[in-house]
Amino acid sequence: MSRLLSTVLVIGLLGGTAAAFAVTEGLKLQHSPITSTQVPLKVFSPVCGCSTGSAPIGFRLRKADRVTVQIENDQGTVVRTLVARKSSPRGRFAVSWDGRDDNGNLLPQGSYEPRVHLAHAHKTIVLPNPIRIDTTAPTIRVVRPIASVISPDGDHRRDQLRVRYRLSEPAHAILYVNGIRRYRGRTQQLAGEARWTARTGGHGVPSGRYRISIAARDIAGNLSKPIPIGTVRVRYIALAERVLRVRAGTRFRVRALTDAPNVRWRLGKRTGIGKRNLGLRAPLQPGRYHLLVQVNRHAARALVVVERRP
């Protein structure tokens, strides 16, 4: 009799286990009422004033339902209700969050999660896509002094301005010239080199002095305040002296300020090619002469006053 009771008990236990297993497996086979979740921004800045200033949230409903979408903080507390009991058909559902609470106050930096409640399905689902608010701008510093003079004439000698920098976090470096953005780093990195080619329309910019500043924008969209880093002079060619007084028929020198090894010159009716430290002979006749010194398409001029020899 006892053996019979033991057998019955074992069979009952096996039956209960099989039933529980079947229920569990059935639950596993049930599809989630939402699918194709999309929360593309992992981090954003509500104060950046840029295209990443709000976080889009999207998913697809398997069936029509009344949808509530909320945001909860890392403590599980709801801090914002984006949509409340909205009747929605089957298909795509999308909202966005501006990083603020229900009163319009900016929420603290930190991690938040979207939560979806479906009234008909009697389900609340926390999306596995945390969103981080970051409102701190990166810091950038220049690690090497910039060149004082560049010559963007295409001869590959000091053609560009190069600025070496380091960042407090991965970010895009942005270089400003006279307050206008002229360079933006293609990748977010901790260190790199920003460059200004000083060319527009296939030609070098006009000669003169240009104010240079640098800033950075991080992945959240925060932009740092531009930091002035100096002034660069764009110079193709210049002469050390604008007016020279020499004696008729004597030799004199004039220094051409350029990065080209050779220059073309014209003084009166005479022409030639020489080094940057030009050695010339003054005309025999006293008077006022124009000296023209050229490099590629650029030129510098000086007045040569020839006086009588004593």
### Query
Taking only Cα atoms, what is the 0 to 90° angle, nearest 10, from helix 2-29's long axis to the longest principal axis of the chain?
40
### Query
Just from its helices, what would the mean residue ellipticity at 222 nm be for the chain, if runs of 4 or more DSSP H residues each count -39500 (n - 2.57) and the sum is divided by every residue, rounded to the nearest 500 deg cm²/dmol?
-3000 deg cm²/dmol
### Message
Once you compute Rg and the Kirkwood Rh from C-alpha atoms, what is the Rg to Rh ratio for region 82-236?
### Response
1.22
#### Entry: Centre separation in Å (Cα based) which lies between region 136-168 and region 206-220
9
### Summary
Counting only protein heavy atoms with a 1.4 Å probe and every protein chain in place, the carbon and sulfur fraction of the accessible surface of the chain in whole percent equals 50
### Query
When you count, for each residue, the other Cβ atoms within 10 Å and take the mean per peptide, how do 209-220, 176-187 rank with the highest first?
209-220, 176-187
### Signed unit charges on C-beta, dipole axis of the chain, positive-most listed residue 207, 299, 55
299
### Query
When the Cα centres of region 248-286 and region 39-53 are compared, how far apart do they sit, in Å?
61
### Task
Could you state the accessible area per residue of the chain in Å², with a 1.4 Å probe and every protein chain left in place?
60
## Note on the structure
the chain: relative contact order from alpha carbon pairs under 8 Å, six or more residues apart, as a whole percent, is 12
### Neighbourhood charge, 12 Å Cβ-Cβ cut-off, centred on residue 109 and excluding it, Lys, Arg +1 and Asp, Glu -1
-1
### Query
residue 208: net charge of surrounding residues, Cβ under 10 Å, Lys/Arg +1, Asp/Glu -1, itself excluded?
+3
### Task
Just need the relative contact order of region 206-271 here, percent rounded to a whole number, with Cα pairs under 8 Å and 6+ apart.
26
### Message
Give the separation of the Cα centroids, region 56-74 to region 86-105, in Å.
### Response
8
### Matching label, Cα Rg over 2.2 N^0.38 Å computed from the structure shown, candidates (i) 0.94; (ii) 1.37; (iii) 1.91
(iii)
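The values are calculated or read from the model by the stated rules, or taken from the named source; none is laboratory data. Please read all numbers here as calculations on a predicted model, not as lab measurements. Backbone-built Cβ (ideal geometry, glycine too); neighbour counts: all protein chains shown. Note: accessible area is taken over every heavy atom of the protein model, side chains too, but ligands, DNA and RNA are not part of it. Shrake-Rupley method; radii C 1.70, N 1.55, O 1.52, S 1.80 Å.
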